[in-house]
Amino acid sequence: MKVLTANRLTDGAVVWYGADHGWSEAFESVSLASNADETANLEAIGKAACANNEVVDADLIDVSRIEGAIVPNRLRERIRANGPSNLTEPGKQASADFRRPG
Amino acid sequence: MYRYDEFDHAFVKARVAEFTDQVDRRMAGEITEDQFKPLRLMNGVYLQLHAYMLRVAIPYGTLNAAQLRILAHIARKYDKGYGHFTTRQNIQFNWPALSDIPAILTDLASVEMHAIQTSGNCIRNVTADHLAGAAADEIADPRPYAEILRQWSTVHPEFTYLPRKFKIAVTGAARDRAAIQVHDIGLQLTKNESGELGFSVYVGGGQGRTPIIAKKIKDFLPERDLLSYTTAIMRVYNLHGRRDNKYKARIKILVHETGAEEFARQVEAEWAEIRAGELKLPDADIRAIERYFAPPSLPARPDGDSAVKQARLDSRPFGAWLDQNVTTHRDPDYAAVTISLKGIGEVPGDMTDSQMEAVADIAERYGFNEIRVSHEQNLILPHVARADLKSVYDALVEIRLETPNSNLITDIIACPGLDYCALANARSIPVAQDISRRFADLERQRDIGELKLKISGCINACGHHHVGHIGILGVEKKGAELYQVTLGGSGDENTSIGDIIGRGFAPDEITDAIETIVDTYLGLRLDRDERFIDAYRRVGPAAFKQALYGSEAKAA
């Protein structure tokens with residue numbers, strides 16, 4: 001499974017793409033691509049969002065479902081989702097309404 | 001310290017205006033990311049994992065209180081309340097919005113600072129001994145020469161698109177506190193038989209994926225020839241340095257593949273063409289720059305000895321701090337103070353906005369308005385009267401910056417690693433924090449003695465692991481973090497590259513492995529005066545391998 005992520009142009013914030021609300025800092029409502037068509041669709045959305053200067057560095061990343069929750073496979077992506085692992089009050093992602101994946 | 005002249009002010013102001021326009025056009029979608037990226041990098045703006053990162057140059061690591069206050073202001077207003085001092089004497093802000101960067105650069109320009117040439121394949125911030133102007137063993141202050149190099153190299157049209165980035169370090173003493181032998185060019189101030197000032201010139205050192213110790217290609221370069229000879233080196237590199245392979249593009253590879261002797265010959269040939277020309281530094285110009293760095297006039301404070309003696313009797317923690325973080329000054333009434341940014345369990349090099357402001361106050365009140373950033377990610381107050389040491393200590397206690405661990409095992413250099421950096425393969429900070437907590441006991445640290453532990457989260461080696469007495473390199477193996485250990489590195493006048501000791505360690509094993517190495521050293525050292533690095537050089541890796549890997553080591 002894959003999800004689409006990028007950094008927002010204006011402030012660099014980590015964002016994920018969700019079909020319901022577009023680009024958002026909320027990981028939990030990210031859109032999942034489970035087959036080739038869905039993956040191609042997300043890829044096209046990422047390219048378009050880069051081209052219209054909404055985001056930069058759009059990338060499809062691998063995720064897995066662990067105990068019902070979607071979790072990025074790579075540590076790098078988990079850190080992008082959670083903020084720096086050393087901070088007890090981590091990054092921008094740690095807003096009150098943000099639920100940490102994993 | 002150096003003060004901008006009209007030209008400098010106009011130049012930085014114009015650059016801020018130019019980049020502001022570029023940011024505006026990018027935000028309006030008038031230029032693409034591909035077009036914008038090289039422009040933002042030229043102004044120190046990276047895109048890291050979580051956000052943009054702004055790297056601000058601190059020329060030769062010298063700051064005044066007003067500058068540190070502006071850094072505090074930026075941390076508070078535009079970032080998350082902290083900044084990170086780096087191994088190149090710079091500061092990085094981890095969370096600025098792109099839209100705020102023009103305002104940040106305007107604030108920086110108000111105190112004669114900028115972020116120009118903190119990225120890209122150009123000559124980067126010239127670094128220097130953090131004890132410049134204060135060290136008892138100094139031949140001359142290296143900063144005037146670093147400043148001359150800075151002025152010459154700033155937007156130098158010939159050297160703006162080098163094969164790769166280029167780092168110069170200058171030291172003013174035989175004791176190397178600027179790690180010059182792992183720089184592209186290392187300059188060591190020295191005097192010839194006639195007592196004239198000049199430089200020993202080292203070239204082609206560096207860390208990264210191919211660590212190489214610089215070769216000395218000139219024993220004595222007269223100071224007037226600094227720019228012509230450096231230009232000659234840059235020209236040979238610019239012409240022959242590889243542009244086909246990023247990993248072979250640094251000057252160290254060129255010097256290594258050409259041979260130091262032949263490289264030096266080519267430099268001499270180029271130099272012969274230009275040394276009598278316009279790059280020859282007039283003595284009056286050198287002395288004019290030197291005057292900017294004239295040491296503060298230090299009034300006699302003969303009460304220092306008795307004050308320190310009494311304070312030591314009254315306070316054991318003060319005594320420990322005095323022993324560890326206070327360095328001899330050329331003036332016996334004064335001392336240089338290391339402010340450790342390595343509190344136990346803290347992030348190496350990180351400092352909060354309020355700490356920055358408090359240190360600015362301390363520097364103004366007790367330190368002649370001078371602050372230095374060391375490449376070991378600490379701050380230094382270079383001129384403090386010994387009679388004021390207790391007051392400085394008490395002020396540092398209030399902001400929790402009194403950790404007495406300079407040069408001890410918890411004085412760890414660590415890059416931001418995978419917690420922030422887009423290049424990293426593994427985390428550095430949590431490893432540093434865990435080791436720091438394990439060795440928190442000060443008596444134990446002092447028993448272990450001088451031990452330079454350095455951690456990088458990828459092979460680019462920003463954490464200087466190759467020259468750590470103990471180096472730790474984080475890699476990614478099969479999707480997990482793995483930490484490779486090197487022993488025997490050193491980044492001083494006896495520079496050496498550490499040896500990889502064996503297979504790597506998982507995140508939950510690495511602190512134990514470090515403890516095993518330290519215990520092995522304690523068991524085999526001749527006495528307390530034999531430092532870790534000396535013991536390692538005497539006995540080699542075998543005992544450490546045996547302790548770490550046991551029978552596995554024998555089989556290997």
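The values are calculated or read from the model by the stated rules, or taken from the named source; none is laboratory data. In this text, all values refer to a predicted model and were calculated from it rather than measured experimentally. For neighbour counting, all protein chains shown are included, and Cβ atoms are generated from backbone atoms with ideal geometry for every residue, glycine included. Accessible surface areas use protein heavy atoms only, side chains included; no ligands, DNA or RNA. Shrake-Rupley method; radii C 1.70, N 1.55, O 1.52, S 1.80 Å.
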field: Inter-site label distance for A:ALA36 and B:GLN35 at 7 Å from Cα along Cβ, in nm
entry: 3.7
query: Kirkwood Rh, Cα Rg: Rg to Rh for chain A?
result: 0.95
query: What base-10 log of the normalised intensity I(q)/I(0) is obtained for region B:304-398 from the Debye formula, alpha carbons as equal point scatterers, at q = 0.14, 0.22 Å⁻¹?
result: -0.48, -1.19
message: For region B:412-523, what does the relative contact order come out to in percent, with C-alpha contacts under 8 Å and a separation of six or more?
response: 21
Per-residue HN-Hα couplings for region B:406-422 [Karplus 6.51, -1.76, 1.60; θ = phi - 60°; Hz; x = Gly/Pro]: 4, 6, 9, 4, 8, 7, 8, 8, 9, 6, x, x, 5, 6, 9, 8, 6
Normalised per residue, the volume of the convex hull around the Cα set of region B:413-555 (Å³): 106
- prompt: Over what distance in Å are the Cα centres of region B:3-21 and region B:436-458 separated?
  reply: 43
- request: Give the interface area between chains A and B as buried accessible surface, both sides summed, probe 1.4 Å, in Å² to the nearest 100.
  value: 2100
- line: The set of residues whose placed amide H lies less than 5 Å from the amide H of B:ILE472, leaving out same-chain residues fewer than 5 positions away, is B:LYS454, B:ILE455, B:SER456, B:THR486
message: Taking each residue in B:411-420, count the Cβ atoms of any other chain within 10 Å of its Cβ, then average. What number comes out?
response: 3
task: Starting at the first residue of region B:452-463, write each ³J(HN,Hα) from the Karplus equation 6.51 cos²θ - 1.76 cosθ + 1.60 with θ = phi - 60°, in whole Hz, x for Gly and Pro.
output: 9, 10, 9, 10, 10, x, 6, 5, 5, 6, 4, x
- request: Report the FRET efficiency, 1/(1 + (r/R0)^6), for B:GLU18 and B:LEU239, where r is their Cβ-Cβ distance and R0 is 41 Å, rounded to 0.05.
  value: 0.85
Measure of compaction for region B:47-186 (Cα Rg per 2.2 N^0.38 Å): 1.08
query: Can you list the residues of region A:25-72 whose accessible area drops by at least 50 Å² going from the chain on its own to the full set of protein chains, with a 1.4 Å probe?
result: A:ASN53, A:VAL56
query: Can you pull the percent of Cα pairs in chain B with separation above 38 Å?
result: 27
field: Mean separation of Cα contacts under 8 Å (6+ apart) over length of region B:192-296, as relative contact order %
entry: 28
- request: Using a 1.4 Å probe on the heavy atoms of the protein chains only, list every residue of region B:94-117 that has 30 Å² or more less accessible area in the complete assembly than in its chain alone.
  value: B:TRP95
statement: In whole percent, the fraction of accessible protein surface over the protein assembly as shown that belongs to carbon or sulfur atoms, probe radius 1.4 Å, stands at 48
- request: Could you state how much accessible area B:LEU41 has, in square angstrom rounded to the nearest 10, with a 1.4 Å probe and all protein chains kept in place?
  value: 40
task: Would you pull out the residues with amide H under 5 Å of B:MET53's amide H, same chain only if 5 or more places away, H placed 1.01 Å from N?
output: B:TYR46, B:LEU47, B:GLN48
Taking the convex hull of Cα positions in region B:399-453, its mean projected area over all directions (nm²): 4.3
- request: Taking only the C-alpha atoms, wrap a convex hull around region B:6-109 and report its volume per residue in Å³ as a whole number.
  value: 107
message: How high is the relative contact order of chain B? Use alpha-carbon pairs under 8 Å, at least six apart in sequence, and give a whole percent.
response: 13
Accessible area (Å², 1.4 Å probe, nearest 10) - A:CYS50: 50
Label zone at B:THR106 (point 7 Å along Cα-to-Cβ), backbone N below 18 Å, region B:1-25: B:9-25
task: Per residue of region B:361-368, in order, report the coupling 6.51 cos²θ - 1.76 cosθ + 1.60 (Karplus, θ = phi - 60°) as ³J(HN,Hα) in whole Hz, putting x for Gly and Pro.
output: 4, 4, 5, 5, 6, 10, x, 6
field: Accessible area in square angstrom per residue, region A:1-62, 1.4 angstrom probe
entry: 44
- request: Sort A:TYR17, B:TYR60 by accessible area with a 1.4 Å probe, largest first.
  value: A:TYR17, B:TYR60
query: Once the Cα gyration tensor of region B:155-253 is diagonalised, what are the square roots of 5 times its eigenvalues, in whole Å and ordered largest first, as equivalent ellipsoid semi-axes?
result: 25, 16, 10
field: Student exercise, region B:304-398 dipole from Lys, Arg, Asp, Glu Cβ charges, in Debye to nearest 20
entry: 400
statement: Counting only protein heavy atoms and rolling a 1.4 Å probe, one gets per residue an accessible area for chain B in Å² of 38
message: Among B:PRO541, B:THR127, B:PRO317, whose Cα projects farthest towards the positive end of the dipole of chain B, with charges put on the beta-carbon of Lys, Arg (+1) and Asp, Glu (-1)?
response: B:PRO541
- request: Starting from the amide H of A:VAL55, placed 1.01 Å from N in the peptide plane, find each other amide H under 5 Å away whose residue is 5 or more places distant or on another chain.
  value: A:LEU9, A:CYS50
- prompt: If you project the alpha carbons of region B:249-350 onto the principal axes, what extent comes out on each, in Å, largest first?
  reply: 64, 41, 25
- line: In region A:1-24, accessible area falls by at least 10 Å² from chain alone to full assembly (1.4 Å probe) for A:ASN7, A:LEU9, A:THR10, A:ASP11, A:GLY12, A:VAL14
task: Provide, as a two-decimal number, the C-alpha radius of gyration of the protein assembly as shown over 2.2 N^0.38 Å, N being how many residues it has.
output: 0.97
